[in-house]
Amino acid sequence: MASRPALVALTALAPVSWGTTYTVTSEFLPADRPLFTSLARALPAGLLLLAVTRTPPRGTWWAKSAVLGALNIGAFFPLLFLSAYRLPGGLAAVVGSVGPLFVVGLSAPLLGLRPTARTLLTAALAACGVSLVVLQGAGALDAVGVLAALAATASMAAGTVLTKRWGRPDGVGPLALTGWQLTAGGLLIAPVAFLVEGAPPALDGRAVGGYLYLALANTAVAYWLWFRGIGRLTATQVGLLSPLSPLTAAVVGWAALGQTLTPVQVAGMAVAFGATLAGQRAGRARGPHDGGSGHARRTSHRPAGPAPAPAPVAQGHGGA
């Protein structure tokens, strides 16, 4: 069994991976195909995991997988893209950075976890740090874009908390649970993608490589690590890792795309990263529906207990 620091580090690889999505999308993939990109990420990865695990849902988990797949994938991806196209990338990332606060708020009624002052402070500091990194010239506010960004953030937060509350059935690992959700989310996105964007675009070698990276490393592996972490850490601890996504996007933009980082941005990174680390201690309190660390909660024969692909947008727009 992995130690708690190792488990946190492995779970953190998920938002770090998601932070590379902007660079891969802008440099390798066809432009203006966000829904197809969402579909190409989710459905092939889900079907691959289903083929590997050979474990279909059973009983109530058909419905639960549909709900979680919609929240974490099927609704989250399109809403994220809508906000990304209607808002400056930095503003969209700032709205998304309040996700840990949503997780804290939902954990009270759904998991029985009372938010502490320290947890609320670390979540707020993380959001402030992200805003210093990515908010460069907010531009005109768009009401639809802001609402879409808030809805995307709330959707992922609700998916995180419900994943923690429902756990998974006896004998089912996080890999199968990930496959169920990715498949359900991909099937939800598919008709919307074809109705809105039409036939898939022609793909060259670079695009194929980009989509393979997004589907395998950025989605199948990253979401497996994310849902595995939700099963063994508290929902608040996992939620407080999400600011690593826009921070990674900024670092990758600086390293790979030649974008600049100002002293204010570096200071914001330090604040957000420090708050993320502090949040791993602040979020350790458990409630009656929290399985704690060291084992995953399973829920087939007893009461349920115990979770950002960004479109081509401006630097710093993280997301799963």
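The values are calculated or read from the model by the stated rules, or taken from the named source; none is laboratory data. Quick caveat: nothing in here was measured; it's all calculated off a predicted structure. Every residue, glycine among them, receives a Cβ derived from its backbone with ideal geometry; neighbour counts consider all protein chains shown. Surface accessibility is based on the protein's heavy atoms, side chains included, excluding ligands, DNA and RNA. Shrake-Rupley method; radii C 1.70, N 1.55, O 1.52, S 1.80 Å.
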Legend entry - Average silhouette area of segment 1-55, convex hull of alpha-carbon atoms, in square nanometres: 5.4 nm²
Legend entry - 1.4 Å probe accessible area per residue over segment 95-226, in Å²: 40 Å²
Legend entry - For segment 251-259, Karplus couplings with θ = phi - 60° (6.51, -1.76, 1.60), whole Hz, Gly/Pro x: 5, 5, x, 5, 7, 9, 10, x, 6
Inset, instruction - With a 1.4 Å probe and every protein chain left in place, tell me how much accessible area T23 has, in Å² to the nearest 10. - result: 20 Å²
Legend entry - All Cα pairs of segment 20-129, percent lying beyond 20 Å: 59 percent
Legend entry - L188 accessible area, assembled protein chains, probe 1.4 Å, Å²: 80 Å²
Legend entry - In sequence order, calculated HN-Hα J values of segment 56-61 (Karplus, 6.51, -1.76, 1.60; Hz; x Gly/Pro): x, x, 9, x, 5, 6
Inset, instruction - Apply the Karplus parameterisation 6.51 cos²θ - 1.76 cosθ + 1.60, with θ equal to phi minus 60°, to every residue of segment 163-178 and state each ³J(HN,Hα) to the nearest whole Hz, in sequence, with x for glycine and proline. - result: 4, 5, 5, 7, x, 7, x, 4, x, 10, x, x, 5, 5, 4, 5
Inset, instruction - Kindly report, to the nearest 10 Å², the accessible surface of E27 as traced by a 1.4 Å probe over protein heavy atoms only. - result: 90 Å²
Inset, instruction - Report the FRET efficiency, 1/(1 + (r/R0)^6), for L203 and D170, where r is their Cβ-Cβ distance and R0 is 51 Å, rounded to 0.05. - result: 0.75
Legend entry - Protection proxy ranking of 261-267, 233-239, 69-75 - average other beta-carbon atoms within 10 Å, highest first: 233-239, 69-75, 261-267
Inset, instruction - Would you mind pulling out the separation of the Cα centroids of segment 241-284 and segment 1-33, in Å? - result: 13 Å
Legend entry - Whole-percent carbon and sulfur share, accessible surface of segment 145-212, 1.4 Å: 75 percent
